[in-house]
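A.B. asks: Sharing a structure below in structure tokens format, with a few things to ask.
Bear in mind these aren't lab numbers, they're just calculated from the coordinates by the rules spelled out. Here the structure is a predicted model, which means the values were calculated and not measured. Ideal geometry is used to build each Cβ from the backbone, glycine not excepted, and the neighbour counts take in all protein chains shown.
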Amino acid sequence: MIIALAGRRIDAPEASVARFPLRNVPLVEQRLGKLFEDVSATMLISSAACGADLVALGAAGARGIRRHVILPFGRDTFRATSVTDRPGEWGPLYDRILAELERDGEVATLSGQAEGAEAYIAANHAILRRAVASARQSGTQAMAALVWEGSSRGDDDATAAFGDEARMLGLPVETVGTL
């Protein structure tokens with residue numbers, strides 16, 4: 001099974017609503033590991049933000065699952081805006097995982113994307129397209145995994161939009177809870 005994954009970043013210190021508290025990282029890692037085993041995951045495609053993405057990439061790597069990362073814009077800018085801007089020691093994990101995957105040619109950066117919501121939506125589209133294409137090429141199936149608390153923040157919620165697009169593509173969608 002090829003898994004396209006998106007989800008919540010770790011909550012900001014000033015967050016008024018808990019969506020993915022830092023203390024829940026071990027729980028989410030355990031849940032992701034169970035999902036990977038239950039579906040016999042062979043490949044994980046995601047971005048690499050703090051929270052859902054990096055936890056999933058770490059769990060997949062520990063199980064020998066092939067990993068592919070799609071970044072919406074340059075590595076250093078992404079690190080500053082989506083990795084190290086939240087609580088936790090995410091920077092070294094990001095650096096290590098990207099170094100591993102770059103050696104294997106498993107990191108793609110979208111060209112021409114400005115920062116902001118549109119760039120993240122474009123990366124989500126690319127993640128889903130890559131999963132569908134990889135499944136077709138390998139003669140296997142693809143699915144989407146949403147790592148979140150299960151509630152949309154509104155029209156600008158990239159995780160909810162990822163799930164909606166996956167369903168429109170006919171992919172099964174599995175939720176991995178963050179709370």
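A.B. asks: With springs only between Cα atoms under 10 Å apart, run a GNM on the chain and tell me which of 80, 135, 56 wobbles the most.
C.D. replies: The residue with the greatest mean-square fluctuation here is 80.
A.B. asks: Give me, ordered by chain and number, the residues 5 or more places off residue 107 or on other chains with an amide H under 5 Å from its own placed amide H.
C.D. replies: Those lying under 5 Å, H to H, from residue 107 are 69.
A.B. asks: In nm, to one decimal, how far is the modelled label at residue 138 from the one at residue 22, with both set 7 Å along Cα→Cβ?
C.D. replies: 3.4
A.B. asks: Apply the Karplus curve 6.51 cos²θ - 1.76 cosθ + 1.60, θ = phi - 60°, to the phi angles in segment 141-149 and return the couplings in whole Hz, x for Gly and Pro.
C.D. replies: 10, 10, 8, 10, 10, 9, 9, 6, 8
A.B. asks: Within the chain, which is the longest segment that contains none of the trypsin sites (Lys or Arg not before Pro) sitting in a DSSP loop with at most 16 other Cβ atoms within 10 Å?
C.D. replies: The answer is 64-152.
A.B. asks: How big is the charge dipole of the chain about its Cα centre, in debye rounded to the nearest 20, if each Lys and Arg gets +1 on its Cβ and each Asp and Glu gets -1 on its Cβ?
C.D. replies: Details: 19 positive and 23 negative charges, 94 e Å.
Approximately 460 debye in magnitude.
A.B. asks: Follow-up. Collect residues whose amide H, placed 1.01 Å from N in the peptide plane, falls under 5 Å from the amide H of residue 174; neighbours closer than 5 in sequence don't count.
C.D. replies: 144, 145, 146
A.B. asks: According to the square roots a ≥ b ≥ c of the eigenvalues of the Cα gyration tensor, what is the shape class of segment 35-178, taking rounded for a/c under 1.5, prolate for a/b larger than b/c otherwise, and oblate for the remainder?
C.D. replies: Numbers: a/c = 1.32, a/b = 1.11, b/c = 1.19.
Rounded is the answer for segment 35-178, as its axis ratio a/c remains below 1.5.
A.B. asks: Now for a separate question. Tell me the GluC sites (Glu not before Pro) within segment 55-118 that lie in a loop according to DSSP and have at most 11 other beta-carbon atoms within 10 Å.
C.D. replies: The qualifying sites are 89.
A.B. asks: Let me ask another. Check which residues have an amide H placed less than 5 Å from residue 51's amide H, if you skip close sequence neighbours.
C.D. replies: 10
A.B. asks: If you don't mind, another one. Counting pairs of alpha carbon atoms under 8 Å apart in space and at least six apart in sequence, what relative contact order in percent does the chain give? Intermediate results must be reported in sequence, preceding the final value.
C.D. replies: Details: 316 pairs, mean separation 53.8, N = 179.
Value for the chain: 30 percent.
A.B. asks: Something else about it: For the chain, what is the mean residue ellipticity at 222 nm derived from helices alone (per DSSP H run of n ≥ 4: -39500 (n - 2.57); sum divided by total residues; nearest 500 deg cm²/dmol)?
C.D. replies: Working: 6 runs with 80 residues, N = 179.
Result for the chain, helices only: -14500 deg cm²/dmol.
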